[in-house]
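Trainee: Take this structure first; my questions come after.
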Amino acid sequence: MAARTERNAVERPDTETAPSRWKPRGRIAAAIGVFGELLITAGLVLGLFVAYSLWWTNVLADREAGKQGDEVRQQWESSAPGARDIKGGAGFLHVPAMKNGEVLVTEGTDTERLNAGVAGYYTEPVKAALPWDKQGNFSLAAHRDGHGAKFHNIDKLKDGDSIVFETKDTWYVYKVYATLPETSKYNVKVLDPVPKESGKSEPGRYITLTTCTPVLTSKYRYVVWGELERTEKVDEKRTPPAELR
Amino acid sequence: MYGWIWRHLPGNAWVRAFISFVLILAAVYVLFQYVFPWAEPLLPFGDVTVDGQNGSNGS
């Protein structure tokens, strides 16, 4: 508003100085100037891409995961006791050592699913067992950076740390017993029902977390194995087990 | 390039600055909404799963 009243006063010197500054420059100088500006622009765009990858995708993914998580919790409240419907999500993963609250777990590990800020359980190449199955491997994947970065702190997990999986009626408490800080992405054996690489040879109820490593790249995979220690029935107030208190 | 844009914007310096700001916002919006989501899957930063489908070790 104030700018408009000043307009006539400012415009005259502006139109006079601009061409006089421009004309003496030769075509080559102008071309170099444009090239430099393009380089600066490219740098800014790359910087924005970093911000997009590490910040904005997290904002979007957390929003989406929060929405989906709310739907799952609402569905739990409204459905009959004992009924199990895992279409919207199998449950929530709580890993105190990762300090990131609860992570919704849904079916499938394709990029589109994981970009919603959830952890996915594998359907291929090795189909995951679910926690309530009598034996098998509950294998999960989630992003290390961006898109919620739900497994960002996977390297903070040490042997003996707890991984708690919450379903409508049960808390499944797992204990970490082995980690593999770097392996090839082709190493699908880590997902086996009995993951031999973790040192186990007997069937049991295992959990496997996979994500990429080192941070910000997808060169290798980071794997953490846990074994079911006990289960607890969810009470009316959904009191969390001792590990989460 | 930017000088050329600046000289072709209407109004005085304040109006031009305002229009420039809007143009920058529009560019950032287009990048975040369309360009980056398109580019991201083409870059190898977000593959987190183990799958042997295109490897020799696959099952």
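The values are calculated or read from the model by the stated rules, or taken from the named source; none is laboratory data. All figures in this text were calculated on a predicted structure; none of them were measured in a lab. Positions of Cβ are backbone-derived with ideal geometry, glycine not excepted, and every protein chain shown enters the neighbour counts.
Trainee: On the basis of being among the aromatic types (F, W, Y) and buried (at least 20 other Cβ atoms within 10 Å of the Cβ), does A:Y186 make the cut?
Mentor: Answer is no for this residue.
Trainee: I would also like to ask the following. In the range A:232-245, how many are assigned to a strand (DSSP E or B) and either touching a Pro at 6+ places or on another chain (Cβ under 7 Å) or at pLDDT 95 or above (or both)? Even if it seems obvious, please write down each step before you answer.
Mentor: Of all residues in the range A:232-245, those assigned to a strand (DSSP E or B) come to A:232-233.
This time we only want the ones that are either touching a Pro at 6+ places or on another chain (Cβ under 7 Å) or at pLDDT 95 or above (or both), so: A:232.
Residues flagged as assigned to a strand (DSSP E or B) and either touching a Pro at 6+ places or on another chain (Cβ under 7 Å) or at pLDDT 95 or above (or both) within the range A:232-245 amount to 1.
Trainee: Also: Of the conditions (1) more than 11 Å from chain B (Cβ to nearest Cβ); (2) at pLDDT below 90, A:E182 clears all except one; give me its number.
Mentor: (2)
Trainee: So which of A:T179, A:T167 is farther than 20 Å from A:P203 by Cα, crowded, with 18+ Cβ neighbours inside 10 Å and of a type in the set (S, T, Y)?
Mentor: A:T167
Trainee: Go through the range B:1-27 residue by residue and tally those that are surrounded by fewer than 15 Cβ atoms within 10 Å (Cβ to Cβ), in a helix (DSSP H, G or I) and facing another protein chain (nearest Cβ under 7 Å).
Mentor: 2
Trainee: Here's a follow-up. Give me the residue from the range A:203-230 that is more than 14 Å from chain B (Cβ to nearest Cβ) and outside any strand (DSSP E or B) and, out of that set, surrounded by the most Cβ atoms within 10 Å (Cβ to Cβ).
Mentor: Within the range A:203-230, the match that is surrounded by the most Cβ atoms within 10 Å (Cβ to Cβ) is A:G204.
Trainee: Just one of A:K200, A:K196, A:K189, A:K233 is facing chain B (nearest Cβ under 10 Å) and basic (K, R); which is it?
Mentor: None of the others qualify; the one that does is A:K189.
Trainee: Is it fair to say A:V173 is more than 24 Å from A:L114 (Cβ to Cβ), over 20 Å from the mean Cα position of the chain (by Cα) and buried (at least 18 other Cβ atoms within 10 Å of the Cβ)?
Mentor: yes
Trainee: I need the full set of residues from the range A:78-134 which are among the acidic types (D, E), under 16 Å from the mean Cα position of the chain (by Cα) and within 14 Å of another protein chain (Cβ to nearest Cβ), in order please.
Mentor: A:E107, A:D110, A:E112, listed by residue number.
Trainee: Restricting to the range A:81-125, give me the number of residues that are in contact with a Pro (Cβ under 9 Å, 6 or more places away or on another chain) and buried (at least 19 other Cβ atoms within 10 Å of the Cβ).
Mentor: Selection size over the range A:81-125: 3.
Trainee: Could you run through the range A:35-80 and say how many residues are more than 26 Å from A:A149 (Cβ to Cβ) and β-branched (V, I, T)?
Mentor: So the answer is 2.
Trainee: Next question, about the same structure. Taking interchain pairs and intrachain pairs at least six residues apart, which have beta carbon atoms under 7 angstrom, with the first residue in the range A:130-145 and in a loop (DSSP other than H, G, I, E, B) and the second surrounded by fewer than 24 Cβ atoms within 10 Å (Cβ to Cβ) and basic (K, R)?
Mentor: Once the first residue is in a loop (DSSP other than H, G, I, E, B) and sits in the range A:130-145, its partners that are surrounded by fewer than 24 Cβ atoms within 10 Å (Cβ to Cβ) and basic (K, R) give A:Q135/A:R205.
Trainee: Just to be sure I understand the filter: pairs with C-beta atoms under 7 Å, separated by 6 or more residues or on different chains, first member in the range B:28-51 and at the interface with another protein chain (Cβ under 7 Å from one of its Cβ atoms) and surrounded by 15 or more Cβ atoms within 10 Å (Cβ to Cβ), second member assigned to a helix (DSSP H, G or I) and charged (D, E, K, R). Which pairs pass?
Mentor: Close Cβ pairs (under 7 Å, with a partner that is assigned to a helix (DSSP H, G or I) and charged (D, E, K, R)) amount to B:G46/B:E40.
Trainee: I would also like to ask the following. Of all residues in the range A:52-79, count the ones that are surrounded by 14 or more Cβ atoms within 10 Å (Cβ to Cβ), without any contact (Cβ under 8 Å) to a residue 60 or more places away in the chain and over 22 Å from A:L93 (Cα atoms).
Mentor: So the answer is 2.
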